[in-house]
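Written out below as structure tokens is the structure these notes cover.
The values are calculated or read from the model by the stated rules, or taken from the named source; none is laboratory data. The model shown is predicted, which means the values in this text are computed figures rather than measured ones. Cβ atoms come from the backbone with ideal geometry, glycine included; neighbour counts cover every protein chain shown. Note: accessible area is taken over every heavy atom of the protein model, side chains too, but ligands, DNA and RNA are not part of it. Shrake-Rupley method; radii C 1.70, N 1.55, O 1.52, S 1.80 Å.
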Amino acid sequence: MKTYKNLYPKVCSLKNLHKAYKKARKGKTKKQYVKEFESNLKQNILQLKRELKTQTYKPKPLKVFVIKDPKTRVISASDFRDRVIHHALCNIIEPMFDRIFISDSYASRKNKGTHVALKRFDRFKWKVSGNGKLVKNVKDKNMVVGYVLKADIKHYFNSIDHRILMSIISRKIKDEKILWLIRKILKNHNPKISGKGMPIGNLTSQLFANIYLNQLDYFIKHRFRARFYIRYMDDFIILHNSKKVLEKWKKQINKFLESMKLELHPEKSKIFPIHKGICVVGYRVFYNYKLLKKSNIRLIHWRIKEFRRLHERGNISREKIFESMQSWFAYAKYGNTYSLIKRIKRFLIGI
């Protein structure tokens with residue numbers, strides 16, 4: 001494995017810090033905390049450089065809040081200056097780790113994401129079923145061959161062990177100052193158990209989470225030689241034409257995860273026949289079509305009601321509502337949702 005030294009000066013450079021600031025402000029230029037940082041931009045960047053260079057940098061306490069999307073999640077938001085540091089670190093170390101990630105890891109990576117993962121699943125389900133061959137000697141003549149192990153890691157972000165994570169990172173990065181900065185970021189969190197967990201919301205948390213589970217990716221790909229494997233952060237899918245094989249693999253995966261101080265979620269880690277439909281990155285995917293998850297449909301209906309309420313009070317225009325809905329329309333169009341989208345647009349026009 002290729003290792004890297006003398007990376008810290010690159011993280012501390014003014015060029016990298018300015019690039020990190022631009023990334024951190026993207027989509028947030030109207031936020032007050034961004035305007036305050038920009039009001040004295042040069043001095044703030046220089047101050048971050050000094051703190052990093054002298055290793056006196058101390059992250060500010062996280063701001064914690066709860067969101068529902070539709071699951072209830074506790075999000076921890078870093079101060080803007082700390083987000084600049086996170087981007088500065090990731091600018092330098094992320095490309096080094098991304099090179100060793102498997103192709104079928106899709107979360108928080110450039111040119112990946114939910115829709116690429118969805119297309120990959122479509123391709124895999126065709127391959128594992130022999131391009132749609134039928135099961136013989138069964139009552140349902142249209143039942144398609146193939147099974148899916150759909151798995152979820154229980155309380156993943158809260159369970160990541162800092163010692164194990166640092167051990168994995170230090171195999172590749174031999175710069176002690178980089179390791180010091182990573183420890184600083186990891187410790188700026190108040191977990192239930194000391195030395196465990198990362199805040200959902202930090203850019204660095206997404207990268208470290210992928211680094212941690214890259215070990216699982218290698219285990220599954222090398223130990224089982226699994227051809228049809230997809231991971232999206234702490235959710236993963238394995239397709240195979242034998243249910244018994246997947247049951248055997250599931251037990252071995254759980255045992256491997258125990259060595260990583262993790263475990264499969266007992267209720268969310270199950271084996272399903274392909275023909276019954278599988279939940280994949282927000283869609284219910286059947287053999288010849290895909291729908292949005294019912295929870296996602298409920299959520300968008302709730303948001304539309306909120307938009308209507310705000311519009312009636314004069315707090316939001318119809319144009320602004322359509323602008324806010326564009327990202328959802330772009331997401332929903334990947335399913336068989338023509339009628340649903342048409343119905344929602346008609347309703348919005350009538351608001």
Let me know the charge dipole size of the chain about its Cα centre in debye, to the nearest 20, where only the beta-carbon of Lys, Arg (+1) and Asp, Glu (-1) is charged. 580
Accessible surface, per residue, of the chain when the full set of protein chains is kept, probe 1.4 Å, Å²: 57
Phi-based couplings in Hz for the range 196-208 (Karplus 6.51, -1.76, 1.60; Gly and Pro marked x): 10, x, 9, x, 6, x, 6, 4, 5, 4, 5, 5, 5
Out of Ala107, Asn241, His162 - ranked by how far each Cα lies towards the positive end of the dipole of the chain, with unit charges on the beta-carbon of charged residues - the top one is Asn241
Compare the Cα positions of Cys279, Ala151, Leu46 along the charge dipole of the chain (+1 at Cβ of Lys, Arg; -1 at Cβ of Asp, Glu; about the Cα centre) and return the one farthest towards the positive end. Cys279
How large a share of the accessible area of the range 38-122, in percent, is made up of carbon and sulfur atoms when the probe is 1.4 Å and the other protein chains stay in place? 53
Treating only the Cβ atoms of Lys and Arg (+1) and Asp and Glu (-1) as charged, compute the dipole magnitude of the range 189-347 about its Cα centre; round to the nearest 20 debye. 640
GNM, the chain, Cα, under 10 Å: largest mean-square fluctuation among Thr204, Thr54, Thr114? Thr54
Calculated from backbone phi, Karplus (6.51, -1.76, 1.60) coupling profile of the range 99-105 in Hz, x at Gly/Pro: 5, 9, 6, 6, 5, 8, 9
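Using alpha-carbon pairs under 8 Å, 6+ residues apart, how would you state the relative contact order of the chain in percent? Walk me through the numbers on the way to the answer.
On the way: 426 pairs, mean separation 67.4, N = 351.
Computed over the chain, the figure is 19 percent.
Once every DSSP H run of n ≥ 4 in the chain is given -39500 (n - 2.57) and the sum is divided by its residues, what mean residue ellipticity at 222 nm do you get, rounded to the nearest 500 deg cm²/dmol? Don't skip to the answer; put the middle values down first.
On the way: 14 runs with 178 residues, N = 351.
Value at 222 nm, helices only: -16000 deg cm²/dmol.
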Could you give the size of the charge dipole of the range 1-130 about its Cα centre, using +1 on the Cβ of each K and R and -1 on the Cβ of each D and E, expressed in debye and rounded to the nearest 20? 280
Environment charge of Arg123, counting only residues whose C-beta is closer than 12 Å and scoring Lys/Arg +1, Asp/Glu -1: +3
Calc'd 3J(HN,Hα), the range 44-59, phi into Karplus 6.51 cos²θ - 1.76 cosθ + 1.60 (θ = phi - 60°), Hz, glycine/Pro = x, comes to 5, 5, 5, 5, 4, 4, 4, 5, 5, 4, 8, 6, 9, 5, 10, x
Highest average packing first - 22-33, 177-188, 240-251, Cβ atoms within 10 Å: 177-188, 240-251, 22-33
Top positive-direction residue, dipole computed over the chain with Cβ charges, set Met1, Pro61, Phe121: Phe121
